[in-house]
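Here's the structure we're looking at; comments come further down.
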Amino acid sequence: MTFFDVFLIIFPMTKNFKSGMVGLSGRPNVGKSTLLNAIIGEKISIVSPKPQTTRNRILGIKNLPDSQIIFVDTPGIHKPQHKLGELIVTKACEAVKEVDLIIFMAEPEEPGMGDKFILDMLKDLNKEVFLIINKIDTIKKPELLPVIEAYKEIYSFSEIIPVSAKTGDGIDILMKGIAERLPDGPKYYPEDIVTDQVERFMVAEIIREKVMQKTGDEVPYSVAVEVITWKEKKDGVILIDANIYVERDGQKGIIIGKKGSKLKEIGTAARFEAERLLGCKLFLKLWVKVKKDWRGDEKVLKDLGYN
């Protein structure tokens, strides 16, 4: 018996109310996190131009007058190169098995091998799948037609909806389509809850995002962040210490920068956004540490929460 089965026994369904889980799937960097943030109306998932920024399942909760949609933002499915990659792909595959509806996101180009690999996996799940072609603001409308036809040839989608997560174009149509296909169900979360992620995790993700944004292509995917202390003072100020882990000494130097300038820049940007998230003033101290080849170390991955 699942959590939702038990919940239904305790809290029976409201008449004419719909609720359910929707999984966001697709190749890395197709815009899943950007779409989720646009739908929820708040930033709850890390966004970066670099692929594979999402490592943990993110629950985003959208409340509508007659429905509650619970989104699961899965990591981009890819061919893993290390233990961390294997864990990420495993999480993504497990996540889509639990949902009521799957959104498969793609870029406005004909399907490649990665797209076909994911769609072959989805065929075995016997679930409704929406094709969401993102980034339509980057192409002309006539260029979209051959892309749609190419996808129709390889998969029978319940809906095909072009959107721009960046501009919001098409999102209303997407939400209407999702709500129509959700099963009858209760309101699982209060209306003021937009995610189930704890504040420590959210702050760690903000710091990791700022590292990736501020270092460009100099620091690759081998960055992890751990909040090591979190103290709330009587005046409401929060004191946070966090470690930024990298795999090599050279990466540590890049993040710190000349006389600590880059680390200060990262900390300022992260603190500003975290204060908006938490709604209070905070002091943030960042430390950069080297954990050699941490992405291939199962013990380190477990300590960092990748289990």
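The values are calculated or read from the model by the stated rules, or taken from the named source; none is laboratory data. This structure is a prediction, so every number in the text was calculated from the model and none was measured. Cβ placement follows ideal geometry from the backbone for every residue including glycine, while neighbour counts extend to all protein chains displayed.
So the values come out like this:
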{"read-out": "Scan of segment 129-178 for residues that are acidic (Asp, Glu) and closer than 19 Å to LEU35 by Cα, ordered by number", "value": "ASP137, GLU159, ASP169, ASP172"}
{"read-out": "Filter result for the condition that a residue is aliphatic (A, V, I, L, M) and not in a helix (DSSP H, G or I), over ILE266, ILE244", "value": "ILE244"}
{"read-out": "ARG276 vs. criteria surrounded by fewer than 16 Cβ atoms within 10 Å (Cβ to Cβ) and closer than 17 Å to ALA224 by Cβ", "value": "no"}
{"read-out": "Which numbered condition PRO111 misses (of (1) at pLDDT 60 or above; (2) over 25 Å from ILE139 (Cα atoms))", "value": "(2)"}
{"read-out": "Selection status of LEU286, buried (at least 19 other Cβ atoms within 10 Å of the Cβ), more than 25 Å from VAL194 (Cβ to Cβ) and in contact (Cβ under 8 Å) with a residue 60 or more places away in the chain", "value": "yes"}
{"read-out": "Segment 103-117, residues that are buried (at least 23 other Cβ atoms within 10 Å of the Cβ) and either in a loop (DSSP other than H, G, I, E, B) or of a type in the set (A, V, I, L, M) (or both)", "value": "ILE103, MET105, ALA106"}
{"read-out": "Subset of segment 155-173 [assigned to a helix (DSSP H, G or I) and exposed (fewer than 14 other Cβ atoms within 10 Å of the Cβ)]", "value": "ASP172, ILE173"}
{"read-out": "Tally, over segment 126-136, of residues that are outside any strand (DSSP E or B) and surrounded by 15 or more Cβ atoms within 10 Å (Cβ to Cβ)", "value": "4"}
